[in-house]
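Asks: Here you go, one structure.
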Protein chains: 2
Amino acid sequence: MLLVVIVSFFAVVIAFAFAVYLYLWVKRQPSENKRIIEVSSLIQAGANTFMRREYGILARFAGAAAILIFLFLPEPVWNGNLIGHIAMVIAYLAGTVLSAIAGKIGILVATSANGRTAEGAKKDLKTAFLIGFRGGSVMGLAVVGFSLFGVMAVLLLTADATILLGFSFGASSLALFAKAGGGIFTKTADVAADLTGKVELGIPEDDPRNPAVIADNVGDNVGDVAGMGADLFDSNVAAMASALVMSQALDGGFGPNTALVFCYAALGLIASIIGIACARVGKKGDPTGALNASTYTTTAIFLVLTAISTPLFPGFQWRIWGASAVGLIVGVIIGITTDYFTDDSKPIVQKVAHASRSGSAFTILSGVSYGFLSALPAMVGIAVSALIAYMLCAPLGEGYALFGIAMAAVGMLSIVGMIISNDAYGPIVDNARGLAEMGGLGDETIRIADELDSAGNTVKAVTKGFSIGAAGLTVISLLGAYMSEVNEALSGMGKELLTGFDILDPTVFFGILVGAAIPAVFSAMLILGVDKNAQRMVEEIRRQFREIRGLKEGKKGVKPDYDTCIGIATSGALKELIPAGLVTIIATVLVGFIGGPSAIGGFLLGNIVSGLLLALFMSNAGGLWDNAKKYVEAGNEGGKGSDAHKAAVTGDTVGDPFKDTAGPSINTQITVVSLVASLLSGLFAAFSLFG
Amino acid sequence: MLLVVIVSFFAVVIAFAFAVYLYLWVKRQPSENKRIIEVSSLIQAGANTFMRREYGILARFAGAAAILIFLFLPEPVWNGNLIGHIAMVIAYLAGTVLSAIAGKIGILVATSANGRTAEGAKKDLKTAFLIGFRGGSVMGLAVVGFSLFGVMAVLLLTADATILLGFSFGASSLALFAKAGGGIFTKTADVAADLTGKVELGIPEDDPRNPAVIADNVGDNVGDVAGMGADLFDSNVAAMASALVMSQALDGGFGPNTALVFCYAALGLIASIIGIACARVGKKGDPTGALNASTYTTTAIFLVLTAISTPLFPGFQWRIWGASAVGLIVGVIIGITTDYFTDDSKPIVQKVAHASRSGSAFTILSGVSYGFLSALPAMVGIAVSALIAYMLCAPLGEGYALFGIAMAAVGMLSIVGMIISNDAYGPIVDNARGLAEMGGLGDETIRIADELDSAGNTVKAVTKGFSIGAAGLTVISLLGAYMSEVNEALSGMGKELLTGFDILDPTVFFGILVGAAIPAVFSAMLILGVDKNAQRMVEEIRRQFREIRGLKEGKKGVKPDYDTCIGIATSGALKELIPAGLVTIIATVLVGFIGGPSAIGGFLLGNIVSGLLLALFMSNAGGLWDNAKKYVEAGNEGGKGSDAHKAAVTGDTVGDPFKDTAGPSINTQITVVSLVASLLSGLFAAFSLFG
């Protein structure tokens, strides 16, 4: 155990050191174009404004949550030990703070790397790719480093796995704000900028006259960099926490299973570091290929490293290795099938583009249909990996079967450092493209930036599928963790323990149906939030074009008021997010107090099942529409300006909040609900109407 | 028992007699306008063509199914008794035949009533309403009469509840063809007619020059009359069958519980007869109000009649009465909340219409969001009614709790005769509106027909919500019936019995995830089927306008070739339907042979949960878009021809296959899967990989 702890801390230290090295490397790259520096610093300032306000509101929320946690978790404070309650509060706050720091670092690097990537693209593809990718990698390493460090610190200091759930809940709280809030922000700005700029005035995308253009670029950063980082921080912590809750129960404290969890997490981090270090592309190479190659390399390294080290543990648990290998491989397969549905060189996107010829209704109908179909392989993949992991590990003894599923989730998330690097690369090169345009770097540079951007979009779909799959497996193991928690509470009260959640038990069934409706309601509230907020911003943009003289004509020296737009996007995003978050939490609490612990088991299941379905549907349909539009813009089916193009733009506008706001936020919603349920399990066991 | 049987048969006889009376009454109404008679008979001929071909294909399918049933159900024929197998086959075929006859009667009356309603509208609203409503009632009475008669005959003749499941499966097979096939037909014609007529050529809806116009009117009949009738025949039989499987188990054969099921079904039929007889509207009255009033009257009569007769049964089972009352009341509440989301005098539809001002993307986004939100009340309603029914009946003894849920479903479906009457009223008055236009009956007549049509649309949303709710409760009790069947098989093999389906059992979980993906895949295949088929028909319509001289100009005596369009819609609908149906059945079989009986339990649950969610979402979003378009056309948000109107038309086109093809077919898909699972349970228990 001690050896593993030392190795893990060592991995964390290497990760941080490597992140610092990459950050300094990025900073050393030339940044000379004044216009780019100016705009880039506007983006940085805007992102900081959003994050300051977001963290401000979050701090109040976290403060209130901390007080409730102190009073009631894991049981009312007047029954329990004071120190445990204080530890829980500290763990919760640590979870929010570490995730926030990782997000802050990600934004800092991304907003430094975007301008430098644009200037690198003036030199060649190879340089620009490296700057974009390494900029993203800093965030990847920071997220994984902080999450592993945090989990280890909490567990080693308290030796109480329940407190880990508090840490995980902290990470989830932050992710809810960062992912859903950032998602509303980014789409508010994007939709409003397109509607007024492209549609009403006919000025190009990223035109600096548009008052929303900086907000749009800020959105890429806060939504896709900080938001995605917080989301995967959350999933990664949740996967480790649920595996550790079970391993601690299996080991009766620290033991070989707990050591194995840490070992796998550390080896995943090391594999990601090697993968990141190796990623590069030739002068005229293929950036998509390079990104995918590093993902496969990382996967292979992780599988080899764990295959070598697993026999070193007492009892040579190859079954557990098998479970995590299955998880990882299925994750990669989900990524590949997602790619099939969203890549514009494959038939599906082309079919949707073709359907657009008959009008926007057919863009929508075909996109919705393929979006529904795309859910099947991922759902079956998750189902099969859970089944195999369970069957593999069940012979090890009681409790090992669910632990196997948890280890499949840990395996799937082992390469998360690489995944985040790929993901954060996207908004950096997207920003770089806009900056190259605004900085007037010439057509060849914009072409290179476009190529980098297109790779970012393709890889993003893959990583999104991967992260939904990982969340799916994680929450299954959270369901197991929830049962451990409930039974601990029940045994403390001398009540009968739960042996499972029977579908035919009416309280379970009640929970399932209500739980299944929640992701739909949550998504709807976020999408309506984007809609409302975009309307506000459209009003403001129209006002500026009306009232600021010379802006429309592009008179020299006349600038739009970027800050007001950023302010609207910020305050609106946070205002729209809070009701959606509260509805899900209140629904959980209501179901718990009405139906008791069994109803909550059903509630979590319903939430997972419909959440996975809707998240996959919305993410993939959104990606599909986005790429169908790009495919038409590349000159197919009539090209830009044709009726098919108009229809494809409608599809893309519908897809935007699907894929960047609602779809990926559902992951976080599921984790939040699971953790709230686990943490409140003692209360539900004690007080409920039908339980 | 004997008394109940006599009363039930008596109720069936009255229903048939009343149906014959109403049919003759409709036939006696004047039908004089030559043009109307001509078009009306074209519609009748087209509907007959479709149904003949549909029944032809169905006959082959049913023949193949009958052979498989004979060989394998309930266990391989070489193990079991020959007579039981023959009885099962006969019951299966009887289920298809009775439902087919009811559908055929519905079409016959509806296509006679449509022209007479149009001519009645020339006189006044009161007369036209009565003809339309009474025409629909014939179908309602026939469906309920045949379903009650069939269920009683099968049970009394065989005294074996398992064979009832065979009858129910027959009804489901037919419903799958009628509802999904009819749904593809109707939307193929509708979409193709609109695209070429309204959009490309700018000619009005229902213009006789359009070659697809007859197919469109045929579609209303085969989709909404025959399809909806078959769907509710199926739900009603399934609800009675699952209640009877349980009551037979509770009674150990015939006994008070079985008698109670028949009694409630018969009283529901009597209540519907009274409700139908009382329905009428003043000369200048409000048809929506009249339809709703008869629904409420029927509900009240049923509650009173059952409250009076329940104490006559041994043991005064007021708890069971309570369960069925809860089911019925929740059904009505679901109908009312559905109305809130889809009625154009309520805020939601108006908001979507308003959002259309910003373009079609916002019509879609807001409609999708409210569609998602609309699922919540219905899901919670079903969850709560199941919970209350279970809790009410659990104290009666083991097995009564699930029986309570089954009785809630029976209660909800008790007024199904009234529901079908309201529902079949819709397409009759919709046809009448078109006929009034084609027959040149003048503006005042068209206005009256419009008013009747609008009432039909509003009430349709309510009955659709009701039928989804009923299907939801029914399939929960089918889940219970499935467990009884599995356990019978398992005990026959001397294997350990199932005590439930635990979510944390990996085979159950595997089944849940796969089952949840199936309704999405099924819907996607149907929507893509409509899309493909509409493209074929659009080609044909363009060809006719190109090749038939004088058609476009409306030259006298030049007629389009209506039959070819009907032929395309027919063959395409059946071609697109079969793969979708097969995928769901094959998925069920695969999951069963891989995961065994427990996996199928999970599969059914996943299927129910995601099926309910998607069915509610698609039906309500579709209704919402339809009425938003109508709201704009009534002169709001810019009125006809405005940008908002174009966007609203896009919404309506997307919504059409949602609400009339995919959404309502999911019900049937769920029932089919549940029955396949129950019938194959013996095979799954004997042969499976992980079971």
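The values are calculated or read from the model by the stated rules, or taken from the named source; none is laboratory data. What you are looking at is a predicted structure, and each value in this text was computed from that prediction instead of being measured. We place every Cβ from the backbone using ideal geometry, glycine too, and count neighbours over all the protein chains shown. Accessible surface is based on the protein model in full, side chains and every heavy atom, while ligands, DNA and RNA are left aside. Shrake-Rupley method; radii C 1.70, N 1.55, O 1.52, S 1.80 Å.
Asks: What's the number of the condition A:HIS645 fails, among (1) farther than 23 Å from B:SER610 by Cβ; (2) in contact with a Phe, Trp or Tyr (Cβ under 8 Å, 6 or more places away or on another chain)?
Replies: Unmet for A:HIS645, out of (1) farther than 23 Å from B:SER610 by Cβ; (2) in contact with a Phe, Trp or Tyr (Cβ under 8 Å, 6 or more places away or on another chain): (2).
Asks: A further question follows. Kindly list the number of the only condition in (1) within 11 Å of another protein chain (Cβ to nearest Cβ); (2) surrounded by fewer than 24 Cβ atoms within 10 Å (Cβ to Cβ); (3) of a type outside the set (S, T, N, Q) that fails for B:GLY399.
Replies: For B:GLY399, the exception is condition (1).
Asks: Kindly indicate whether B:ALA238 is under 22 Å from the mean Cα position of the chain (by Cα) and of a type outside the set (Asp, Glu).
Replies: yes
Asks: Working only within the range B:461-487, note down all residues that are of a type outside the set (Phe, Trp, Tyr) and closer than 12 Å to B:PRO597 by Cα.
Replies: B:LEU479, B:MET483, B:SER484, B:GLU485, B:VAL486, B:ASN487, listed by residue number.
Asks: Take the conditions among the aliphatic types (A, V, I, L, M), within 14 Å of chain A (Cβ to nearest Cβ) and within 18 Å of the chain's Cα centre (by Cα) and apply them to B:ALA408. Does it pass?
Replies: Here the answer is no, as B:ALA408 does not meet what is asked.
Asks: Just to be sure I understand, how many residues within the range A:356-367 are more than 7 Å from chain B (Cβ to nearest Cβ) and closer than 21 Å to A:THR338 by Cα?
Replies: Of the residues in the range A:356-367, 2 are more than 7 Å from chain B (Cβ to nearest Cβ) and closer than 21 Å to A:THR338 by Cα.
Asks: Further question: For A:VAL632, state whether it is over 26 Å from the mean Cα position of the chain (by Cα) and part of a helix (DSSP H, G or I).
Replies: Judged against the criteria, A:VAL632 is a match.
Asks: Taking the range B:1-24, which residues are within 26 Å of the chain's Cα centre (by Cα) and touching a residue at least 40 places away in the same chain (Cβ under 8 Å)?
Replies: B:SER8, B:PHE9, B:ALA11, B:VAL12, B:ILE14, B:ALA15, B:PHE16, B:PHE18, B:ALA19, B:LEU22, B:TYR23
Asks: Next up: Just one of the numbered conditions (1) within 12 Å of chain A (Cβ to nearest Cβ); (2) open to solvent by less than 10 Å² (accessible area, probe 1.4 Å); (3) out of contact with any Leu (no Cβ under 7 Å at 6 or more places or on another chain) is not true of B:THR588; which one?
Replies: (1)
Asks: From the residues in the range B:328-352 that are touching a residue at least 40 places away in the same chain (Cβ under 8 Å) and within 14 Å of chain A (Cβ to nearest Cβ), which one is farthest from the chain's Cα centre (by Cα)?
Replies: Ranking the qualifying residues of the range B:328-352, first place goes to B:VAL352.
Asks: Given the structure, is A:VAL654 among the β-branched types (Val, Ile, Thr), more than 25 Å from B:ALA375 (Cα to Cα) and either in contact (Cβ under 8 Å) with a residue 40 or more places away in the chain or buried (at least 24 other Cβ atoms within 10 Å of the Cβ) (or both)?
Replies: No: the conditions fail for A:VAL654.
Rundown of residues vs (1) within 30 Å of A:ASP430 (Cα to Cα); (2) touching a residue at least 12 places away in the same chain (Cβ under 8 Å); (3) touching a His at 6+ places or on another chain (Cβ under 9 Å); (4) not in a helix (DSSP H, G or I), yes/no style:
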| position | (1), (2), (3), (4) |
| --- | --- |
| A:ASN457 | yes, yes, no, no |
| A:ILE476 | no, yes, no, no |
| A:ASN487 | no, no, no, no |
| A:LEU497 | no, no, no, yes |
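Asks: Taking the criterion of being of a type outside the set (Val, Ile, Thr), within 11 Å of another protein chain (Cβ to nearest Cβ) and closer than 27 Å to A:MET240 by Cα, would at least one residue in the range A:443-466 satisfy it?
Replies: No; the residues of the range A:443-466 include none that is of a type outside the set (Val, Ile, Thr), within 11 Å of another protein chain (Cβ to nearest Cβ) and closer than 27 Å to A:MET240 by Cα.
Asks: A further question follows. Do we find that B:ASP443 is in contact (Cβ under 8 Å) with a residue 24 or more places away in the chain, more than 15 Å from the chain's Cα centre (by Cα) and open to solvent by 10 Å² or more (accessible area, probe 1.4 Å) in this structure?
Replies: no
Asks: For the range A:27-41, which positions are surrounded by fewer than 22 Cβ atoms within 10 Å (Cβ to Cβ) and in a helix (DSSP H, G or I)?
Replies: A:LYS27, A:ARG28, A:LYS34, A:ARG35, A:ILE37, A:GLU38, A:SER41
Asks: Among the residues of the range B:371-383, count how many are more than 7 Å from chain A (Cβ to nearest Cβ) and open to solvent by 20 Å² or more (accessible area, probe 1.4 Å).
Replies: Summing the residues that are more than 7 Å from chain A (Cβ to nearest Cβ) and open to solvent by 20 Å² or more (accessible area, probe 1.4 Å) in the range B:371-383 gives 1.
Asks: Every residue in the range B:238-297 that is β-branched (Val, Ile, Thr), touching a residue at least 24 places away in the same chain (Cβ under 8 Å) and in a helix (DSSP H, G or I), please.
Replies: B:VAL245, B:THR258, B:VAL261, B:ILE270, B:ILE273, B:ILE274, B:ILE276, B:THR288, B:THR295
Asks: A:ALA171 passes all but one of (1) open to solvent by 10 Å² or more (accessible area, probe 1.4 Å); (2) at pLDDT 90 or above; which number fails?
Replies: (1)
Asks: Can I ask one more? Let me spell it out: the conditions are (1) open to solvent by less than 30 Å² (accessible area, probe 1.4 Å); (2) within 12 Å of chain B (Cβ to nearest Cβ); (3) modelled with pLDDT of 85 or more; (4) over 27 Å from B:ALA378 (Cα atoms), and A:ASN533 meets all of them except one. Which number is the exception?
Replies: Unmet condition: (2).
Asks: When you go through B:PRO597, B:PRO579 one by one, which is the residue that is open to solvent by 10 Å² or more (accessible area, probe 1.4 Å), out of contact with any Ser or Thr (no Cβ under 9 Å at 6 or more places or on another chain) and in contact (Cβ under 8 Å) with a residue 40 or more places away in the chain?
Replies: B:PRO579
Asks: Could you say which residue among B:GLY150, B:GLY202 is out of contact with any Asp or Glu (no Cβ under 7 Å at 6 or more places or on another chain), at pLDDT 90 or above and either open to solvent by less than 10 Å² (accessible area, probe 1.4 Å) or of a type outside the set (Lys, Arg) (or both)?
Replies: Among B:GLY150, B:GLY202, only B:GLY150 is out of contact with any Asp or Glu (no Cβ under 7 Å at 6 or more places or on another chain), at pLDDT 90 or above and either open to solvent by less than 10 Å² (accessible area, probe 1.4 Å) or of a type outside the set (Lys, Arg) (or both).
Asks: Right, here's the next one. Closer than 25 Å to A:ASN81 by Cβ and open to solvent by less than 20 Å² (accessible area, probe 1.4 Å): does that describe A:GLY135?
Replies: Criteria not met by A:GLY135.
Asks: So in the range B:318-349, with the set limited to residues that are small (Gly, Ala, Ser) and within 29 Å of B:ALA406 (Cβ to Cβ), which one is modelled with the lowest pLDDT?
Replies: Out of the qualifying residues, it is B:GLY335.
Asks: Restricting the search to the range A:508-526, which residues are buried (at least 24 other Cβ atoms within 10 Å of the Cβ) and at the interface with chain B (Cβ under 7 Å from one of its Cβ atoms)?
Replies: Correct list: A:PHE509, A:PHE510, A:ILE512, A:LEU513, A:VAL514, A:ALA516, A:ALA517, A:ALA520, A:SER523, A:ALA524.
Asks: For the range B:536-558, which residues satisfy the criterion of being more than 12 Å from every other protein chain (Cβ to nearest Cβ), open to solvent by 70 Å² or more (accessible area, probe 1.4 Å) and free of Cβ contacts under 8 Å to residues at least 24 places away in the same chain?
Replies: B:ARG543, B:ARG546, B:GLU547, B:ARG549, B:GLU553, B:LYS555, B:LYS556, B:GLY557
Asks: So which of B:ALA685, B:ALA621 ends up being assigned to a helix (DSSP H, G or I) and modelled with pLDDT under 90?
Replies: Only one candidate qualifies: B:ALA685.
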